[in-house]
Amino acid sequence: MSRVITITSGKGGVGKTTTTANLGTALAMQGLRVAVVDADIGLRNLDVVMGLENRIVYDLVDVVEGRCRLRQALIKDKHFPDLCLLPAAQTRDKDAVSPDDMIALANQLRAEFDYVLFDSPAGIEAGFRNAIAGADEVVIVTTPEVSAVRDADRIIGLVEAFEKGHPRLILNRLKPRMVSRGEMMSVEDVLQILAIDLVGVVPDDETIVTATNRGEVAVLDRTSLAGRAFSDIARRLKGEQVPFMVLEEQQGVIDRLFGMFGRRPRGSER
Amino acid sequence: MGFFNSLFSGKRDRSSDVARDRLLTVLVHDRVKLTPDMLEQLKAELSAVIAKYVPSVEPGEIEVSLMRGESSDHLKADIPLRRTT
């Protein structure tokens, strides 16, 4: 049975679009038919993150307003023919569609794909409500920062108020070295504050920047730690039991001493 | 903050702990929808009511705060009384 999952966050810039692109690609790599939908109308971005910006002819609003058929607007991925992008409109705004339109769209996509991922805009207003309207479940992306966690808490409340069940969490851009020095909230800190189930932790990783520069996604890069984390999350979404990557270092006095002088014993950084 | 303090004792100085504590406070306020302004007003009215029954209350010293607990949040009031001996 198909599943429709919305990726959202409240705060902007925490990695929703990167997460959507990577999870979509990872699920396609695992042999599933996947549609990724850019629900950020007016601020289209999922296309550039996936390197598909030159292939856009029609967009989500064209589909909703009946100017084209769904299949005409879907763009096939460069690597996986069973992965498709439905781009957002760039010249319209969020009021161009309604939650009912989005539910109808989600149901149309269900018929063709195993997984449908909606990339939500930031915020808690119409765009966010549209993005979750058709979802069976919601995944919240946050980073270990006070502003992002506060917004995540607000979003959790809203998702529950809209009767979308209990959302699950992806903690993005964790810096294990900072956590072990006590300079960044840990996975446990964030989970304790938000009281939510964790679906994965993604380490802060430069390969995300370099991959995005080229319009590629990190899951295609075997050397990317973040890419591996996203692949693991995709498998967990499918219901597989995948152990969590060990990111945080056990910190002893020696480590802390080295930490204070800005050095670490060789090999201690993952 | 002393160098050795931070090395051996000062767990509370860690910025991650500060972040967590600040978040816990902010989230309780967000969830209860009580602004700092309203909290001040609550405090003023509370002292007025208490002063009616307990004359030895120190109105300026009443502390009202929202606390996050394990299973529920608490509105906590600390009301010091003047000693009349």
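What to note about this one:
- Condition check for A:LEU220: surrounded by fewer than 21 Cβ atoms within 10 Å (Cβ to Cβ), touching a strand residue (DSSP E or B) at 6+ places or on another chain (Cβ under 9 Å), more than 14 Å from every other protein chain (Cβ to nearest Cβ) and over 30 Å from B:LEU27 (Cβ atoms): no
- Test: residue in region B:42-53 that is open to solvent by less than 60 Å² (accessible area, probe 1.4 Å) and at pLDDT below 85: no
- Close pairs (6 angstrom Cβ cut-off, 6 or more residues apart or separate chains): of a type in the set (Ser, Thr, Tyr) in region A:34-61, buried (at least 20 other Cβ atoms within 10 Å of the Cβ) anywhere: A:TYR58/A:ALA73
- First in region A:128-146 and free of Cβ contacts under 8 Å to residues at least 60 places away in the same chain and more than 14 Å from chain B (Cβ to nearest Cβ), second anywhere and open to solvent by 10 Å² or more (accessible area, probe 1.4 Å) and in a loop (DSSP other than H, G, I, E, B), Cβ under 8 Å, 6 or more apart: A:ARG129/A:PHE162
- Those residues of region A:213-236 which are farther than 17 Å from A:VAL187 by Cα and touching a Gly at 6+ places or on another chain (Cβ under 9 Å), in sequence order: A:ARG214, A:GLY215, A:GLU216, A:VAL217, A:ALA218, A:VAL219, A:LEU220, A:ASP221, A:ALA234, A:ARG236
- Residue list for region A:186-207, filter: open to solvent by 10 Å² or more (accessible area, probe 1.4 Å), more than 12 Å from every other protein chain (Cβ to nearest Cβ) and either touching a residue at least 60 places away in the same chain (Cβ under 8 Å) or not hydroxyl-bearing (Ser, Thr, Tyr) (or both): A:ILE196, A:ASP197, A:LEU198, A:VAL201, A:ASP204, A:ASP205, A:GLU206
- You will find that of A:GLU160, A:GLU183, the residue that is of a type outside the set (Lys, Arg), free of Cβ contacts under 8 Å to residues at least 12 places away in the same chain and in a helix (DSSP H, G or I) is A:GLU160 and no other.
Residues are listed down the side, and each one gets a yes or a no for (1) open to solvent by less than 10 Å² (accessible area, probe 1.4 Å); (2) among the small types (Gly, Ala, Ser); (3) not in a helix (DSSP H, G or I):
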{"residue": "A:ASP95", "(1), (2), (3)": "no, no, no"}
{"residue": "A:ASP100", "(1), (2), (3)": "no, no, no"}
{"residue": "A:ILE103", "(1), (2), (3)": "no, no, no"}
{"residue": "A:ALA106", "(1), (2), (3)": "yes, yes, no"}
{"residue": "A:LEU109", "(1), (2), (3)": "yes, no, no"}
{"residue": "A:PHE113", "(1), (2), (3)": "no, no, yes"}
{"residue": "A:VAL116", "(1), (2), (3)": "yes, no, yes"}
{"residue": "A:ILE124", "(1), (2), (3)": "no, no, yes"}
{"residue": "A:ARG129", "(1), (2), (3)": "no, no, no"}
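- Restricting region A:217-263 to residues that are more than 32 Å from the chain's Cα centre (by Cα) and basic (Lys, Arg), the residue that is modelled with the lowest pLDDT: A:ARG263
- First in region A:231-246 and over 22 Å from A:ALA35 (Cβ atoms), second anywhere and open to solvent by 60 Å² or more (accessible area, probe 1.4 Å), Cβ under 6 Å, 6 or more apart: A:VAL242/A:ARG235
- Residue match in region A:6-13 (condition: part of a helix (DSSP H, G or I) and surrounded by 20 or more Cβ atoms within 10 Å (Cβ to Cβ)): no
- Looking only at region B:15-34, and only at residues there that are open to solvent by less than 70 Å² (accessible area, probe 1.4 Å) and among the charged types (D, E, K, R), the one that is modelled with the lowest pLDDT: B:ASP30
Residue by residue, here is whether (1) within 30 Å of A:LEU70 (Cα to Cα); (2) among the β-branched types (Val, Ile, Thr) holds:
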position: A:GLY123; (1), (2): yes, no
position: A:GLY134; (1), (2): yes, no
position: A:GLU145; (1), (2): no, no
position: A:ASP153; (1), (2): no, no
position: A:VAL159; (1), (2): yes, yes
position: A:LYS175; (1), (2): no, no
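- Unmet requirement for A:GLY227, which otherwise passes all of (1) touching a Leu at 6+ places or on another chain (Cβ under 8 Å); (2) at positive phi: (2)
- Of residues in region B:48-66 being hydroxyl-bearing (Ser, Thr, Tyr) and either touching a Gly at 6+ places or on another chain (Cβ under 8 Å) or not in a helix (DSSP H, G or I) (or both), the one nearest to B:ASP21 (Cα to Cα): B:SER65
- All conditions but one from (1) of a type outside the set (Gly, Ala, Ser); (2) touching a Gly at 6+ places or on another chain (Cβ under 9 Å); (3) in contact (Cβ under 8 Å) with a residue 40 or more places away in the chain; (4) within 17 Å of A:ALA226 (Cβ to Cβ) apply to A:ASP151; the one that does not is (4).
- Residue within region A:164-172 that is closer than 26 Å to A:ASP47 by Cβ, in contact with a Phe, Trp or Tyr (Cβ under 8 Å, 6 or more places away or on another chain), modelled with pLDDT of 95 or more and outside any loop (DSSP other than H, G, I, E, B) present: no
The values are calculated or read from the model by the stated rules, or taken from the named source; none is laboratory data. A quick note: this is a predicted structure, and the numbers were derived from the prediction, not measured. Don't worry about glycine lacking a Cβ; one is built from the backbone with ideal geometry, like all the others, and counts go over all protein chains shown. All accessible areas refer to the heavy atoms of the entire protein, side chains included, with ligands and DNA or RNA removed. Shrake-Rupley method; radii C 1.70, N 1.55, O 1.52, S 1.80 Å.
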